[in-house]
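**Student:** A single structure is presented below for examination.
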Number of protein chains: 2
Amino acid sequence: MRVAEDWSLESVRSEGSDGRFNRRAIKVEEAQRRVLAAARTIASELVPLAEAGGRRLAQQLLATSDWPPFARAGLDGYAVRAADTAQASPAFPAALRVVDTIAAGGLALAAVEPGTAARIMTGAAVPSGADAVVMLEQTAEGMAGGERAALVKAAARPGQNVAPQGEEFRLGSPIMEPGELLRPGHLALLGTFGYAVVPVYRRPRVAVFATGSELLPVEAPLAPGRIRDSNSAMVAAMIRQRGGEPILCGTLPDEPEAVSEALIHIGGDVDLIVTTGGVSVGDYDAMALLLRELADFDSQFEVFPDSLDMLLFNRVSMRPGSPTSAAWIGGKLVLALSGNPGACFVGFELFAAPALRAMQGDPRPDHRKVQAVLARELKKGSPHDRYVRTSLLYGDDGRVYADPLAFGKSSMTASIAQAEALVVIPSGSLGAEAGSIVEAWILPQ
Amino acid sequence: MRVAEDWSLESVRSEGSDGRFNRRAIKVEEAQRRVLAAARTIASELVPLAEAGGRRLAQQLLATSDWPPFARAGLDGYAVRAADTAQASPAFPAALRVVDTIAAGGLALAAVEPGTAARIMTGAAVPSGADAVVMLEQTAEGMAGGERAALVKAAARPGQNVAPQGEEFRLGSPIMEPGELLRPGHLALLGTFGYAVVPVYRRPRVAVFATGSELLPVEAPLAPGRIRDSNSAMVAAMIRQRGGEPILCGTLPDEPEAVSEALIHIGGDVDLIVTTGGVSVGDYDAMALLLRELADFDSQFEVFPDSLDMLLFNRVSMRPGSPTSAAWIGGKLVLALSGNPGACFVGFELFAAPALRAMQGDPRPDHRKVQAVLARELKKGSPHDRYVRTSLLYGDDGRVYADPLAFGKSSMTASIAQAEALVVIPSGSLGAEAGSIVEAWILPQ
């Protein structure tokens, strides 16, 4: 069942004979801490280098050679001994006998002895004896003693236009750390050092259930009073954005037994279960009923035992998504997100995204958190942390502005697609003024 | 062959009997225009909704119903006729006979007639006759005339807590445009409207060749004077970031015949060819030799004929990557990027990324261009546009700062991985001061 995000749970009823209103809210940070405590790092696998983009590295990797592996010519010209050119000028060029021509990938046939030079192409290994490369424009072709010579018209500085061996990396030095997200530049570096296969964390396999008797499959025609399950596909895309592999398990009715059966019978190769809907306090909220039966979170466990089921939380002091819940069931982390699309989206970003990152070896906060100028006033009624979907605008003044989208309407599906950041309006305030600086969490594109 | 980015082509030699130095530089914008002229929009295909994330929509899609499809209750409470509650107060509640209980997904059994109310759950269809929902906290249970009644303690405003049918979308109104990148929120919207399969542009298939006789495959042990092909894997990851499918074709020697053979014999199902290396003016630069034989770009063609090969450009007034070239060969766009990893990266972002975007229906500029504060001084020696890899920092003052990485060292592979933006230092300047506002193109994560 879906709950409007502005609807304040505790204001409804403080009694509640069946306990459904006695859910203790915890802070977002504490809820995240509990989720991360239950998010086990998963196994690694080897993937071909060209398919490693977007994955997270499973172990520290080292430079397998110096880089550059040899002194490399930075441009086309002549490899020389700088000392031979010390007196050179356009009027009195140094004449150096040309002993070799070295293509990139080629090998020098001769060392550069005093009084000689080698024609060299960009990227080629600077031959033994030479300590500088003179660019072609500072030379002319000539003859000296009846042999082909390079006429060098300017003094070369030792080391000039030569990238020394090991300038960027030394053999054995660390090049990348475990948990690091592999971007295109990382692959270039891995290729440089010969990592044709790369150890990365396996993609976390995430089972997705949508609960709610009102839900129709997406392909079904609408029926009176029914709506289609729009959350499963959204959650699948969010799982993929975080490197996971979604396993869509369809919809479940508002029946605790059916939901419980589904969660318990999910295969052992699932790393995380995400459900949407049924977490609120309505008469038929199956997830909420199910979770109420569990033992409470016990902070004594560093690793939760498979044999023990546990409620991590079933209420978070935040809007939207205050009934967002999490549990440890059958040795698996279960994140029970709100059925409301906006609240589901925020719940995923706050809890599922960091869990997936931690499972892939990087337990640091998942979002880039930036300071942005609030483009328009935000008022809020509740005392809780408020997460507002915003677009981001970049001003001519170098400032980044966060502009709220459809504030206060978590059911508004249209604005989720436009969201570029979540702005946090912390608890204890009644909002933020236009022009004030707020914290914005940048969302993945 | 790789060329150092600070090495100024034209300063080497202005003669050059074989024409290799007579390459006419064009501006980046003109080069991009030519590439986009040759980037044909490709075919579309249908994919399952849950796999459509990150793809681009191939046609405009319309709302298949009003949304919400019926007037929906925004919270749990009672559906009432507002007029019945006009005089209600805590001391004198309006007693309304409860005629129904409506779950989300359920159907009303009775209309709400004057003097009656229906218990209703969040998301359920507001029954006929009712025009407002009163939240549970503003009610009490009671009896009226021997029947169960809701005691409403506050006057309801017509429309209160009801999302009217069609509030977000009207049947038939456009919900998404062709070319749009499908993010998680888009999938929620598509699911809402029953798009179980989604028309998206096919993934562009991109053949990738690395040229250079110095190149070893990544899995090979290093050999004297040789380096491994680090560009192919990097380019593969960049192609995937832009929705394309890379086809890695390995390395080619510095032999124009071999390169020409490879390009001509590539299968017809390739949409774009990207090569790296061999575009400079060295003695053995195969791509450059090959491209010199082509007819020059002819702006009279709106669509280039398959039968005509054409050079689009073989020099761009930019650093790094000035020898970056493009051609139309065998009815295919060929982008010949520099072999230098840094210049290859910039060339891809400037030309391949917009081409891939245009092939998938969106010919708009590929990068988010923002104004950023330059964190440290950038000096440049050449009069050309300079593209500098930077990290991005977000200050407490709401400003975004661009901090140059390894400026002036296009061969530095390590810094590509860290790059978050390309800062453009336009031609005609000698650099930019620390603290000045510069244009930064945000790179994909």
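The values are calculated or read from the model by the stated rules, or taken from the named source; none is laboratory data. Note that the coordinates shown come from a computational prediction; the quantities given were computed from them, not determined experimentally. Using ideal geometry, Cβ is built from the backbone for each residue, glycine included, and neighbour counts are taken over all protein chains shown. Just the protein is used for accessible areas: all its heavy atoms, side chains included, with ligands, DNA and RNA removed. Shrake-Rupley method; radii C 1.70, N 1.55, O 1.52, S 1.80 Å.
**Student:** What does the charge count around B:Q60 come to, taking other residues whose C-beta lies under 12 Å from its C-beta (Lys +1, Arg +1, Asp -1, Glu -1)? Let's see the in-between values first.
**Tutor:** Values: positive: none; negative: B:E177, B:E180.
My count for the surroundings of B:Q60 gives -2.
**Student:** Above 41 Å lies some portion of the pair distances; for the protein assembly as shown, what is it as a whole percent of all C-alpha pairs? Could the numbers behind the result be given before it?
**Tutor:** Details: 176770 of 395605 pairs.
The share of Cα pairs beyond 41 Å in the protein assembly as shown comes to 45 percent.
**Student:** I'd like the interface area for chains B and A: accessible area of each alone minus the complex, both sides summed, 1.4 Å probe, protein heavy atoms only. What is it in Å² to the nearest 100? Could you put the intermediate results ahead of the total?
**Tutor:** Numbers: alone 20320 and 20330 Å², together 32600 Å².
So the buried area, both faces added, is about 8100 Å².
**Student:** For peptide A:216-226, what's the mean number of Cβ atoms from other chains within 10 Å of each residue's Cβ? Before the final figure, lay out the partial values.
**Tutor:** Values: counts 2, 3, 12, 7, 2, 3, 8, 3, 7, 14, 7.
Taking all residues of A:216-226 together, the mean is 6.
**Student:** Taking the mean number of other Cβ atoms within 10 Å as a proxy for protection, how do you rank A:385-393, B:425-433, B:116-124, A:434-442 from highest to lowest? Walk me through the numbers on the way to the answer.
**Tutor:** Working: A:385-393: 22.9, B:425-433: 14.8, B:116-124: 27.6, A:434-442: 17.3.
Going by the mean number of other Cβ atoms within 10 Å, highest first, we get B:116-124, A:385-393, A:434-442, B:425-433.
**Student:** Now for a different question. Go through B:70-76, A:232-238, B:41-47 and give me the packing order, highest mean Cβ count within 10 Å leading. Mind dumping the intermediate values first?
**Tutor:** Details: B:70-76: 24.1, A:232-238: 28.9, B:41-47: 15.3.
The peptides rank, most packed first, as A:232-238, B:70-76, B:41-47.
**Student:** Kindly provide the helix-only [θ] at 222 nm of chain A, computed as the sum of -39,500 (n - 2.57) over DSSP H runs of four or more divided by all residues, to the nearest 500 deg cm²/dmol? Mind dumping the intermediate values first?
**Tutor:** Details: 9 runs with 70 residues, N = 445.
So the helix-based figure for chain A works out to -4000 deg cm²/dmol.
**Student:** May I pose another question? In whole percent, what relative contact order does the stretch B:307-387 give with Cα contacts below 8 Å and a gap of six or more residues? Display every interim value, and only then the final one.
**Tutor:** Details: 97 pairs, mean separation 20.5, N = 81.
Averaging sequence separation for qualifying contacts and normalising by length gives 25 percent for the stretch B:307-387.
**Student:** Which aspartates and glutamates does A:K27 reach when only Cα atoms under 14 Å apart count, and residues fewer than 8 places away in its own chain are ignored?
**Tutor:** Output for A:K27: A:D385.
**Student:** Could you name the lysines whose alpha carbon sits less than 30 Å from that of B:K153, not counting residues in the same chain fewer than 8 places away?
**Tutor:** Excluding near neighbours in sequence, the set is A:K379, A:K380, A:K409.
**Student:** Could you give the accessible area per residue of chain B, probe 1.4 Å, as a whole number in Å²? Don't skip to the end; give the middle numbers.
**Tutor:** Values: 16280 Å² over 445 residues.
I get 37 Å² per residue for chain B.
**Student:** At a 1.4 Å probe radius, carbon and sulfur cover how many percent of the accessible area of chain A? Please list the in-between numbers first.
**Tutor:** Working: 8450 of 16320 Å².
On chain A, the fraction of accessible area on carbon and sulfur atoms equals 52 percent.
**Student:** Above 34 angstrom, tally the Cα pairs of chain A and express them as a % of all pairs, no decimals. Walk me through the numbers on the way to the answer.
**Tutor:** On the way: 49449 of 98790 pairs.
Taking all Cα-Cα pairs of chain A, the fraction more than 34 Å apart is 50 percent.
**Student:** Let me ask something else. Mind checking the mean number of beta-carbon atoms from other chains within 10 Å of the Cβ atoms in B:177-186?
**Tutor:** Working: counts 0, 0, 0, 1, 2, 3, 12, 20, 17, 8.
Per-residue shielding by partner chains comes out at 6.
**Student:** Could you give the spread of the C-alpha atoms of the stretch A:72-163 along their three principal axes, from largest to smallest, in whole angstroms?
**Tutor:** 34, 26, 20
**Student:** Sticking with this one: Sort out for me the Cα centre separation of the stretch A:97-118 from the stretch B:307-367, rounded to whole Å.
**Tutor:** 35 Å
**Student:** A follow-up question, please. Where does each of A:324-332, A:270-278 land if you order them by average Cβ count within 10 Å, highest first? Present the calculation step by step, with values, prior to reporting the outcome.
**Tutor:** On the way: A:324-332: 22.3, A:270-278: 26.6.
The most tightly packed comes first, giving A:270-278, A:324-332.
**Student:** Moving to a separate point now. Quick one: of the DSSP bridges fully inside the stretch A:268-408, what percent are antiparallel, nearest 5? Intermediate values should be presented prior to the final figure.
**Tutor:** Numbers: 13 of 24 bridges.
If we restrict to bridges inside the stretch A:268-408, about 55 percent are antiparallel.
**Student:** Would you mind listing the distances between the B:S173 label point and the same position in each other copy? Use 7 Å along Cα-to-C-beta, nm, one decimal, shortest first.
**Tutor:** 5.9
**Student:** Separate question: Calculate the mean, over all residues of peptide A:385-396, of how many other protein chain Cβ atoms lie within 10 angstrom of the residue's Cβ.
**Tutor:** Details: counts 0, 0, 0, 0, 1, 0, 0, 3, 1, 8, 6, 3.
Mean partner shielding for this stretch: 2.
**Student:** Using a simple charge model, +1 on the beta-carbon of Lys and Arg, -1 on the beta-carbon of Asp and Glu, nothing else, what dipole does chain A show about its Cα centre, in debye to the nearest 20?
**Tutor:** On the way: 42 positive and 51 negative charges, 122 e Å.
Charge dipole of chain A: 580 debye, to the nearest 20.
**Student:** Using a label point 7 Å beyond Cα on the Cα-Cβ vector, give me the inter-copy distances for A:P383 in nanometres, one decimal, shortest first.
**Tutor:** Its label point is 6.8 nm from the equivalent points in the other copies.
**Student:** I've got another one for you. In sequence order, what are the phi-derived ³J(HN,Hα) couplings for the stretch A:330-339 according to the Karplus relation 6.51 cos²θ - 1.76 cosθ + 1.60 with θ = phi - 60°, rounded to whole Hz, with x for glycine and proline?
**Tutor:** x, x, 10, 6, 10, 9, 9, 8, 4, x
**Student:** Of A:G395, A:A372, A:A414, whose Cα points farthest to the positive end of the dipole of the stretch A:368-442 (charges on the beta-carbon: +1 Lys, Arg; -1 Asp, Glu; origin at the Cα centre)?
**Tutor:** Comparing the listed Cα positions along the dipole, A:A414 ranks first.
**Student:** Treating only the Cβ of Lys, Arg, Asp and Glu as charged (+1, +1, -1, -1), what charge dipole size does the protein assembly as shown show about its Cα centre? Round to the nearest 20 debye. List each step's numbers first, then the result.
**Tutor:** On the way: 84 positive and 102 negative charges, 192 e Å.
Taking the Cα centre of the protein assembly as shown as origin, the dipole is about 920 debye.
**Student:** Taking the Cα centroid of the stretch A:234-261 and of the stretch A:411-445, what is the distance between the two, rounded to the nearest whole Å?
**Tutor:** First find each Cα centre; the distance between them is then 26 Å.
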